[in-house]
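Report on the following structure.
Derivation of every value follows stated rules applied to the coordinates shown; laboratory data play no part. Everything numeric here is computed off the predicted structure, so don't read it as measured data. Counting neighbours? That spans all protein chains shown, and the Cβs are built from the backbone with ideal geometry, glycine included.
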Amino acid sequence: MSAVLEQPKNLEALRRSADRKVDAAAQMVRRLEVQLAQDLSDEAEFEDELIEGFIGRQAMSVLYGDSNSGKTFLAIDIAAAVCQGQQWMGRNVDAGMVVYLATESPRSVCERLKAYHAHHRMKLQNFVVVKSPINLYESEADTTAVVALIREMETLHGAKCELVVGDTLARLSAGANENSGEDMGVVVRHVDRIRQEAAVHFMLIHHSGKDAARGMRGWSGLRAATDTEVEITANETTGNRAAEVTKQRDMAGKGERIGFRLHTIKMGTGKWGQPRTSCVVTPIDAPAPVKKLPRLGGVQQAILGVLRGHGADMRTREIASTLEGQYGKTSVYNAVERLKDLALIEVSAGIVHLIK
């Protein structure tokens with residue numbers, strides 16, 4: 001007589017429990033939003049612009065430049081136009097609340113706002129300056145706090161927030177390696193979360209790299225994630241400044257230049273009797289672009305110095321002889337080739353000509 005295996009009495013209960021777990025796991029899978037090409041309208045849909053031809057709604061932009069180029073002054077001027085809904089540099093602007101994350105220097109931002117008030121003889125409404133430090137790298141906590149603050153301010157003031165300014169990226173990403181995609185990817189993800197959940201444009205203020213010809217500092221993927229990139233440059237001799245649109249993802253306008261100057265505003269007298277001042281932005285015609293020179297090494301700079309001092313064309317071997325004891329012959333010859341590639345010199349039959 002063959003033995004019959006008796007099934008456990010609770011087998012059916014175990015099966016029902018397993019089915020419930022499978023169903024629960026299926027419900028936890030994120031549902032992805034899709035668009036079928038066949039269902040697209042035949043009508044063209046254009047970027048929903050916050051500032052005409054400049055920045056779009058719910059997008060991300062980066063204003064970058066050297067220290068003292070006027071980045072923060074320009075960002076405040078842009079933000080002031082948004083919270084008033086008035087034209088900016090001849091461009092139409094939609095009105096909305098501004099939340100300014102003044103992580104680098106809240107006091108400085110407030111002083112610059114006072115200068116704006118004094119110059120324009122008014123006080124900005126719906127302009128919120130966040131004085132607390134914000135870190136979009138360490139955890140989700142500050143990202144959640146920013147979204148919550150935006151919603152709180154919208155309810156309190158009865159106005160929709162349209163623009164968040166992050167001043168600066170370095171302070172907002174404290175502890176992160178600016179050159180690391182792994183680190184900066186976290187920051188970009190948190191910026192994306194703020195602009196998506198709060199439905200805002202997020203404008204970051206950032207710095208140029210050591211080599212101005214290579215654009216903004218740090219991880220190259222930041223530029224790929226940016227919808228609008230604007231480089232701020234300044235001529236300290238003339239005081240003329242320019243904001244050049246160096247990238248536009250979905251709008252025309254790449255290469256456009258906006259000119260401005262910083263107009264000094266007297267703010268009173270300091271503790272030791274010295275005059276205290278700040279600045280506001282005033283528009284000018286955009287100055288002509290200046291050729292960006294790459295960062296040159298010591299031997300390259302020495303070669304240019306020799307050519308300028310000599311005042312005439314020289315043979316490569318003469319340059320190498322002049323620099324003997326400072327740089328090896330091979331280094332000089334390689335540097336001459338690099339300078340030729342950069343169009344700073346011309347070389348013909350071994351004769352080096354300095355391009356003025």
Whole-Å distance, taken between Cα centres, linking the range 216-246 and the range 99-160: 23
Ascending count of other beta-carbon atoms within 10 Å, so fewest first, for Asp341, Asp77: Asp341, Asp77
Protection-proxy order for peptides 34-40, 237-243, each taking the mean of Cβ atoms within 10 Å per residue, highest first: 237-243, 34-40
Long-range amide H partners of Arg315 with built H, under 5 Å: Val352
Residues of the range 220-256 with amide N under 17 Å of a point placed 7 Å along Cα→Cβ from Leu40: 250-251
Equivalent ellipsoid dimensions for the range 236-343 as semi-axes, Å, which come from the Cα gyration tensor, largest first: 43, 24, 12
FRET efficiency for Met122 and Arg223, using Cβ-Cβ distance with R0 set to 45 Å, rounded to 0.05: 0.75
0 to 90° range, to nearest 10: angle between helix 106-120 axis and the chain longest Cα axis: 70
The chain: angle of helix 11-28 to the longest principal axis, Cα-based, in degrees nearest 10: 30
Relative packing of peptides 244-254, 91-101 - highest average C-beta neighbours within 10 Å first: 91-101, 244-254
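Any number yet on Rg/Rh for the range 122-241, C-alpha, Kirkwood?
On the Cα set of the range 122-241, Rg over Rh gives 1.00.
Would you mind calculating the gained length between Arg16 and Gln326 on full extension (0.36 nm times residue separation, minus the Cα-Cα distance), in nm to one decimal?
The Arg16-Gln326 span can extend by a further 103.3 nm.
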The range 49-284, relative contact order in percent, only Cα pairs under 8 angstrom and at least six apart counted: 25
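Based only on Cα atoms, what mean projected area does the convex hull of the range 113-180 have, in nm²?
6.0
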Full-stretch length increase - Arg249, Glu182 - with 0.36 nm per residue and alpha-carbon distance subtracted: 21.8 nm
Peptides 310-319, 171-180 ordered by average Cβ neighbours within 10 Å, highest first: 171-180, 310-319
Distance (nanometres) between label positions extended 7 Å along Cα→Cβ at Leu32 and Gln196: 1.3
Using alpha-carbon coordinates, inclination of helix 181-197 to the longest axis of the chain, degrees: 60
Full-extension gain in nm, Gln86 to Glu111, via 0.36 nm per residue minus C-alpha separation: 6.8 nm
Intensity falloff of the chain expressed as log10 I(q)/I(0), Debye formula with alpha-carbon point scatterers, at q = 0.06 Å⁻¹: -0.36
Virtual spin-label span in nm between His263 and Asn334, 7 Å along Cα→Cβ: 5.3
Using a Förster distance of 51 Å, the FRET efficiency for Thr155-Leu342 (Cβ separation, nearest 0.05): 0.35
